[in-house]
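Shown next, in structure tokens, is the structure this report addresses.
The values are calculated or read from the model by the stated rules, or taken from the named source; none is laboratory data. This is a predicted model, so every value here is computed, not measured. FYI the Cβ positions are ideal-geometry reconstructions off the backbone, even for glycines, and counts take in every protein chain you see. Note: areas computed on protein heavy atoms with side chains; ligands, DNA, RNA excluded. Shrake-Rupley method; radii C 1.70, N 1.55, O 1.52, S 1.80 Å.
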Amino acid sequence: MQICRDLPSLRAATAAFRAAGRRLAVVPTMGALHEGHLALIGAARAAGAGAVAASIFVNPLQFGPNEDLARYPRDEEGDLAKLRAAGCDLAWLPPVEVMYPPGNATVIEVAGPSAGWEGDARPGHFRGVATVCCKLFLQSQAELAAFGEKDWQQLQVVTRMAADLDIPIRILPVPTVREADGLAMSSRNRFLSPQERATAPLLHRAMTEAAAAIGAGAPVAATLEGALARLRGAGFAPDYLALVEAETMRPLAARREQGPMRLIAAARLGTVRLLDNIAV
Ligand code: AMP
């Protein structure tokens, strides 16, 4: 596995993949890798990538002033070992000053699916995500980019951005990888106390049951209220639980007859903010 920390070496490595006829996939991450991230590498290969480049970059632009940038878990050595074991071909580890050199002044603002939900809870977050993903796509010139469905709104924002900017890359959505008890894997789960960790799977369970009820015709508002009450009773502080149009993220007050719907949620448990979503 090649390790690149500056743009000239990244360009040389990706040019060599192209010259060898290997279709390149990029897998953007912030490190602290778990099986959810590694599934993206496998999915990229299964989708036809002949080479996979994973980036590890804790992007300051997508963290708000009161967020957890400083305590975001970092383990470069452990991550590189996991990437090697997963058969990754290249690790792209740009220092902050390589990604954002002094004087940089350009950001990508995606309206549409950035509005609401995480966009409200974390002002500027999707500007940071879209900007860094646009840069990663252009830096790598990959043909494919794998993103987890775990971050559903992010997936919609990045898909919209790539389409709107005519970036010649295919965005590959990858299903959420979960622990055996249903909790979506996340780098932040390590901050749950043992008691919170035992409570955490209720989020997915309550969402699964609410999605099934809505799918079977139960009224949306009452079903979501019931699920929220259950979560609060168990100690969660929910930010939102909503039924949305899957691609636009627009809220739905009632079941949609046509087109995919998604149930999305964010809820704090102790100091950890858990995100999850499922198809309805
Ligand atoms: P992060 O390192 O949290 O920024 O995530 C990097 C990529 O991994 C994003 O595309 C995430 O959606 C994806 N990802 C994170 N957790 C999971 C998971 N449990 N299952 C699938 N993909 C995931």
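The string of couplings for the stretch 34-41 from the Karplus curve (6.51, -1.76, 1.60, θ = phi - 60°) is 9, 4, x, 5, 5, 4, 5, 5 Hz, one whole number per residue in order, with x for Gly and Pro.
Stretching the chain fully between Asn104 and Ala234 yields a gain of 42.2 nm (0.36 nm per residue, less the alpha carbon separation). Among beta bridges identified by DSSP and lying wholly in the chain, the antiparallel ones come to about 50 percent. For the chain, set up a Gaussian network in which alpha carbons nearer than 10 Å are linked by springs, and say which option among Leu33, Leu243, Leu165 fluctuates the most. Top of the fluctuation ranking is Leu165.
Given a 1.4 Å probe and the protein chains as shown, Asp166 ends up with an accessible area of around 130 Å².
Binning every alpha carbon pair distance of the chain at 10 Å from zero, what are the percents per bin? Values per bin, smallest distances first: 6, 28, 35, 22, 8, 1. For the stretch 215-280, the carbon plus sulfur part of the accessible surface works out to 56%, probe radius 1.4 Å. Around the amide H of Ser55, modelled in the peptide plane, lie the amide H atoms of Val27, Thr29, Trp92, all under 5 Å away and 5 or more residues distant in sequence or on another chain. Each stretch of four or more DSSP H residues adds -39500 (n - 2.57); spread over every residue of the chain, this sum gives -11500 deg cm²/dmol at 222 nm.
Averaged per residue, the stretch 43-194 has 44 square angstrom of accessible surface, using a 1.4 angstrom probe with ligands and nucleic acids left out.
Structural descriptor for the chain: relative contact order 18 percent, calculated from alpha carbon pairs under 8 angstrom and at least 6 residues apart. Under the shape rule built on the C-alpha gyration tensor, where the axes satisfy a ≥ b ≥ c, the stretch 131-280 is oblate, since a/c reaches at least 1.5 while a/b does not exceed b/c.
Quick check: from the Cα gyration tensor, does the stretch 132-209 come out rounded (a/c under 1.5), prolate or oblate? Here the stretch 132-209 falls in the prolate category. Solvent exposure of the stretch 200-250 amounts to 41 Å² per residue of accessible area, where only protein heavy atoms count and the probe is 1.4 Å.
Across the stretch 164-263, C-alpha contacts under 8 Å between residues 6 or more apart give a mean separation that, scaled by the residue count, equals a relative contact order of 18 percent.
When the alpha carbon coordinates of the stretch 1-147 are projected onto the principal axes, the ranges are 43, 30, 29 Å, largest first. Around the Cα centre of the chain, unit charges on the Cβ atoms of Lys, Arg, Asp and Glu (plus for the first two, minus for the last two) sum to a dipole of about 260 debye. Each Lys and Arg Cβ is given +1 and each Asp and Glu Cβ -1; about its Cα centre, the stretch 69-131 then shows a dipole of about 80 debye. Surface composition of the stretch 1-132: carbon and sulfur atoms hold 56% of the protein heavy-atom accessible area at a 1.4 Å probe.
Positive-end ranking of Leu69, Ile264, Ala184 along the dipole of the chain, with charges on Cβ about the Cα centre, is headed by Ala184.
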